[in-house]
Amino acid sequence: MRRINYTVAFLMLVAILPFSLASCKKKEASPAVEQEDEEVVYAVNSYRISGGNLDEYLEFGGDVASVASVDVMPDQAGKLTRILVSIGDRVNKDEVIAYVDASRPGMTYKASPVKAPATGRIISFSPTVGATVSQAMVIARISSTDDLEIKTSVAERFVSRVKLGQSASVTFDAYPGENFTAKVSEVSPVLDTTTRTMAIKLRLSPPDPRVKVGMYARIRLITDSIRNAIVIPAGTIVTREGESYVFKLTPGSGQQVARLQKVSRGMTVDDKCEITSGLAPGDEIVSKGQSLLNDGSPVRVISSIGADNQGKEAGK
């Protein structure tokens, strides 16, 4: 009788054991299920929009030259006996700057003065004392270094976008990071048939004594300007099914969410894009991290930057 009881107990234990193991597995699996149900929050950077300006431009190089520059040639051929000026000296019109002796063997002449044909500064003086010069030889150059202009040429395809009075931003290698303002002062009425370019001149406004004749200028000529526009970084725009969108941040239930906002694009200059509809000043959009987002994705802003490019860490 006891053997039968032991046998029955063993069979009951074998029957109960699988159910116990299954129950344990279910309890162990439950945390994993809860983890999968947790909502993923994406870390992003944002950009706060404000009204700004957008300038379209042409970019090219030019040379600084004097508005008034004249060559000095002697009235007599002969040897240069005296030089009365140095490079950089300021001279007045008809001032004597050198003397030339036209004497030859058996013939003695009084030294002939070389006079300045205009007022300005001596920017070059090629020959030295004792050198032989002629009436067709340029021995010096006088320029008005206080009145400068920038000479450049514009390709034929851009001719329709250039006109008198246009503003330009100019930079020089001598002053890195510093911008000078200029305006178009002269536009040639014809094109050079060899280079297919049109010559133009610009004047610095206001003039700056640091700019010297011969400097190379990098010119950014403003051809179109939009004021008080909605301007955003071009990289914030995503394309879905051929349409342009941005992820606009909106309040959610205890968490900000990113909503797809359709926008209309206007002029694009460098990495800036004009938005003609879909956004307004004060809106905040995702600037980095948008490639992983979908409409309604919860986000956490870790860094925010405004249209004035003054960044700040979020939450501080």
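One table, with the values for the structure above:
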{"item": "Hits in the stretch 31-54 (condition: surrounded by 10 or more Cβ atoms within 10 Å (Cβ to Cβ) and modelled with pLDDT under 85)", "result": "50, 51, 52, 53"}
{"item": "Conditions (1) of a type in the set (Val, Ile, Thr); (2) touching an Asp or Glu at 6+ places or on another chain (Cβ under 7 Å); (3) in a loop (DSSP other than H, G, I, E, B): number failed by residue 122", "result": "(3)"}
{"item": "Among (1) closer than 17 Å to residue 43 by Cβ; (2) more than 27 Å from the chain's Cα centre (by Cα) - the single one residue 261 does not satisfy", "result": "(1)"}
{"item": "Search result, residues across the stretch 219-243 that are among the acidic types (Asp, Glu) and modelled with pLDDT under 90", "result": "224, 241"}
{"item": "Residue, surrounded by the fewest Cβ atoms within 10 Å (Cβ to Cβ), within the stretch 91-119, restricted to residues that are in a strand (DSSP E or B) and among the small types (Gly, Ala, Ser)", "result": "112"}
{"item": "Among (1) touching a residue at least 40 places away in the same chain (Cβ under 8 Å); (2) surrounded by fewer than 13 Cβ atoms within 10 Å (Cβ to Cβ) - the single one residue 193 does not satisfy", "result": "(1)"}
{"item": "Tally, over the stretch 72-87, of residues that are part of a loop (DSSP other than H, G, I, E, B), under 10 Å from residue 125 (Cβ atoms) and open to solvent by less than 60 Å² (accessible area, probe 1.4 Å)", "result": "1"}
{"item": "Whichever residue in the stretch 115-153 is in contact with a Leu (Cβ under 7 Å, 6 or more places away or on another chain) and under 30 Å from residue 193 (Cβ atoms) and, among such residues, is modelled with the lowest pLDDT", "result": "148"}
{"item": "Strands (runs of 3 or more DSSP E) completely within the stretch 175-237 that count 3 or more residues being more than 30 Å from residue 275 (Cα to Cα)", "result": "180-187, 197-204"}
{"item": "Residue 221 out of contact with any Lys or Arg (no Cβ under 7 Å at 6 or more places or on another chain), within 30 Å of residue 86 (Cα to Cα) and open to solvent by less than 60 Å² (accessible area, probe 1.4 Å)", "result": "no"}
{"item": "Sole residue being touching a residue at least 12 places away in the same chain (Cβ under 8 Å) and over 30 Å from residue 201 (Cα atoms), chosen from 226, 222, 237", "result": "237"}
{"item": "Considering residues of the stretch 201-215 that are within 21 Å of residue 57 (Cα to Cα) and either small (Gly, Ala, Ser) or touching a Lys or Arg at 6+ places or on another chain (Cβ under 9 Å) (or both) only, the residue least open to solvent (accessible area, probe 1.4 Å)", "result": "202"}
{"item": "Number of positions in the stretch 132-158 that are open to solvent by less than 40 Å² (accessible area, probe 1.4 Å) and outside any strand (DSSP E or B)", "result": "2"}
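Let's see how each residue does on (1) closer than 30 Å to residue 161 by Cα; (2) modelled with pLDDT under 90; (3) open to solvent by less than 30 Å² (accessible area, probe 1.4 Å):
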| position | (1), (2), (3) |
| --- | --- |
| 217 | yes, no, yes |
| 245 | no, no, no |
| 253 | no, yes, no |
| 257 | no, no, yes |
| 291 | no, yes, no |
| 306 | no, yes, yes |
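The values are calculated or read from the model by the stated rules, or taken from the named source; none is laboratory data. Since we're looking at a predicted model, the values are computed, not measured. Quick reminder, even Gly has a Cβ in these numbers, built from the backbone with ideal geometry, and neighbours come from all protein chains shown. Surface accessibility is based on the protein's heavy atoms, side chains included, excluding ligands, DNA and RNA. Shrake-Rupley method; radii C 1.70, N 1.55, O 1.52, S 1.80 Å.
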